[in-house]
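The values are calculated or read from the model by the stated rules, or taken from the named source; none is laboratory data. Please read all numbers here as calculations on a predicted model, not as lab measurements. Here the Cβ positions follow ideal geometry from the backbone for every residue, glycine too, while neighbour counts run over all protein chains shown.
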Amino acid sequence: MGAIHINATIRNPADRNRSWQGRFLVDTGATDSVVPKCHLEAIGLEPEERRRYELADGSEVEMGIAGARIEFMDTFTHGLVLFGDARAEPIIGVTALESVGVEIDPRNQRLKRLPAVRLKASAQRDVGTEQLLDKSVSIIFEANGSQCGH
């Protein structure tokens with residue numbers, strides 16, 4: 001399968017007028033999104049903490065992270081962005097994709113929007129995990145409903 005790239009905008013959530021737009025590699029092997037730190041610093045983002053990440057080659061690297069508004073495909077999400085070095089290719093990770101209901105169509109090598117954002121795991125999980133997740137989601141909805149006075 002070939003590489004898929006999309007245009008995306010990263011915004012400072014505290015000042016949405018400050019943003020950076022670029023061309024991002026869609027990487028379903030990456031959990032979080034990566035942006036060269038010079039672009040994040042230019043829009044006023046600073047690392048809130050540092051975390052260790054394992055790269056595709058098995059090596060580990062420590063990177064700064066911050067929360068940002070990530071906009072692509074006419075929608076948005078808020079998620080973690082990693083402060084990559086100056087040579088880092090901008091990457092949209094799987095967390096951003098899944099949170100807006102987008103997945104890769106491998107046959108056509110493009111992104112496609114799902115009819116609904118998945119609130120639970122796909123059918124690949126075992127039955128025990130699915131039943132536990134279904135029960136947890138039901139409990140969350142019941143608890144949230146009762147807090148609204150219904």
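Report yes if some residue within the range 63-76 is at pLDDT 95 or above, out of contact with any Asp or Glu (no Cβ under 8 Å at 6 or more places or on another chain) and among the charged types (D, E, K, R); otherwise report no.
Within the range 63-76 (the criterion being at pLDDT 95 or above, out of contact with any Asp or Glu (no Cβ under 8 Å at 6 or more places or on another chain) and among the charged types (D, E, K, R)), the answer is yes, since at least one residue qualifies.
Would you confirm whether any residue within the range 9-16 is out of contact with any helix residue (DSSP H, G or I) (no Cβ under 9 Å at 6 or more places or on another chain), among the hydroxyl-bearing types (Ser, Thr, Tyr), in contact (Cβ under 8 Å) with a residue 60 or more places away in the chain and assigned to a strand (DSSP E or B)?
So far as the range 9-16 goes, yes, one or more of its residues are out of contact with any helix residue (DSSP H, G or I) (no Cβ under 9 Å at 6 or more places or on another chain), among the hydroxyl-bearing types (Ser, Thr, Tyr), in contact (Cβ under 8 Å) with a residue 60 or more places away in the chain and assigned to a strand (DSSP E or B).
Would you check which residues across the range 1-20 are over 16 Å from the mean Cα position of the chain (by Cα) and more than 14 Å from residue 105 (Cα to Cα) and list them?
14, 15, 16, 17, 18, 19, 20
Among the strands (runs of 3 or more DSSP E) lying completely within the range 18-92, list those that include at least 1 residues that are among the acidic types (Asp, Glu) and surrounded by 15 or more Cβ atoms within 10 Å (Cβ to Cβ).
Hits in the range 18-92: 60-72.
Select from the range 105-120 the residues that are of a type in the set (Lys, Arg) and surrounded by 10 or more Cβ atoms within 10 Å (Cβ to Cβ) and write down the one among them that is farthest from residue 7 (Cα to Cα).
For the range 105-120, the residue satisfying everything is 120.
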